[in-house]
Amino acid sequence: MEGIICIQLPPWSLGRQISTMTIRITKRDLRKVIRESFISHTFEPAEGDHVVNNNPNCKHFGSEGLVIDVTSLRDDLGKAVTYECTNDGPQWEKGDILEKTMDQLIPARSKNENY
């Protein structure tokens, strides 16, 4: 059975009342929250950066390219990255222009880097 984690948040003011809050969450759900937060806020590409689509559920998974634009989505829903593909794949060709949300992209690794 998946373990339950109890997290007690520090007190904060709710009007005149001081309150603490305890959250019960499964380890799996906590990992998802941490992963989403980490992915969403650690890498924000800029024009000229080399990126890779790392979303296995996307038809452009594995596409790589150079960032040509970063735009804000409406209603503060995040940002979209437009890139020109530098490789070919089953659903795209070198030179195609693709636009993805930032959570689908990671920095490309150089063939000379050791990870």
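Give me the pairs, please: first residue somewhere in the stretch 71-84 and in the same structural domain as T101 (by TED's automatic domain parsing) and surrounded by 10 or more Cβ atoms within 10 Å (Cβ to Cβ), second residue anywhere and part of a helix (DSSP H, G or I) and at pLDDT 85 or above, beta-carbon distance under 7 Å, and either six or more positions apart or on two chains.
Listed by first residue and then by second, the contacts come to G78/M102; K79/M102; V81/M102.
Output the number of residues of the stretch 62-89 satisfying the condition of being in contact with a Lys or Arg (Cβ under 8 Å, 6 or more places away or on another chain) and more than 17 Å from P45 (Cβ to Cβ).
The qualifying residues number 1.
Scan the stretch 90-106 for residues that are farther than 12 Å from E44 by Cα and either assigned to a helix (DSSP H, G or I) or among the acidic types (D, E) (or both) and report the count.
3
Counting just the residues of the stretch 48-68 that are part of a strand (DSSP E or B) and out of contact with any Leu (no Cβ under 8 Å at 6 or more places or on another chain), which one comes out surrounded by the most Cβ atoms within 10 Å (Cβ to Cβ)?
Filtering the stretch 48-68 for residues that are part of a strand (DSSP E or B) and out of contact with any Leu (no Cβ under 8 Å at 6 or more places or on another chain), the one surrounded by the most Cβ atoms within 10 Å (Cβ to Cβ) comes out as E64.
Any idea which of (1) at pLDDT 80 or above; (2) loosely packed, with under 14 Cβ neighbours inside 10 Å; (3) touching a helix residue (DSSP H, G or I) at 6+ places or on another chain (Cβ under 8 Å) is the one G95 doesn't satisfy?
(3)
The values are calculated or read from the model by the stated rules, or taken from the named source; none is laboratory data. None of these values were measured; they are calculated from a predicted model. Neighbour counts run over all protein chains shown; Cβ positions are idealised from the backbone, glycine included.
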